[in-house]
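Below is one structure, written out as structure tokens, with a few remarks after it.
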Amino acid sequence: MARPTKPAAFGSKPNPAQRSPQSPRPSQIPEAVSRRMARRIGLATGVPTLLGMLVFVASYFLVSRRLLAIPLVATLGLSGGFFLLGLVGLSYGVLSASWEEAPGSLLGIEQIGLNLNRLKASIKAGGAGNS
């Protein structure tokens, strides 16, 4: 007598561990694109984050030397603004990277609309398979 098979929890998708080593995952980000994204994320998040920390150091220096009376709320607000800018920079770094062979422009602003459309299409494609 044949053993009944257990139903798959999320459909009949193949197990990634059972995939053959020569067939790459279809949704894998190319290495050149991931390096481009990492550079943009590093700059777009690193610089504002460093500035956010520098605000605390500069504020402490100015207040402790009695060179300038800076209200605590101003220090926290300015630092928080830089940290928030760093968070926005994370999304910018991912969305502004070119997926083409050519690296694209310096700022990559023209890529944002294209990459947002790709993101929406992938979400729709992923959502259609799960219903």
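Summary table
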item	result
Sites matching trypsin sites (Lys or Arg not before Pro) across segment 21-90 that sit in DSSP coil, with at most 12 neighbouring C-beta atoms within 10 Å	Arg65, Arg66
Sorted by Cβ density within 10 Å, fewest first, the residues Tyr92, Tyr60	Tyr60, Tyr92
Label-point gap, in nm, between Glu101 and Val88 - each point 7 angstrom along Cα→Cβ	3.6
Radius 14 Å from Cβ of Leu116, net charge of other residues (Lys, Arg +1; Asp, Glu -1)	+2
Radius ratio Rg over Rh of segment 30-130, counting only Cα atoms, Kirkwood formula for Rh	1.19
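Since every read-out is calculated from the coordinates, none of them should be taken as a lab result. Predicted, not measured: the structure shown is a model, and the values here were computed from it. All Cβ positions, glycine included, derive from the backbone under ideal geometry; neighbour counts span all protein chains shown.
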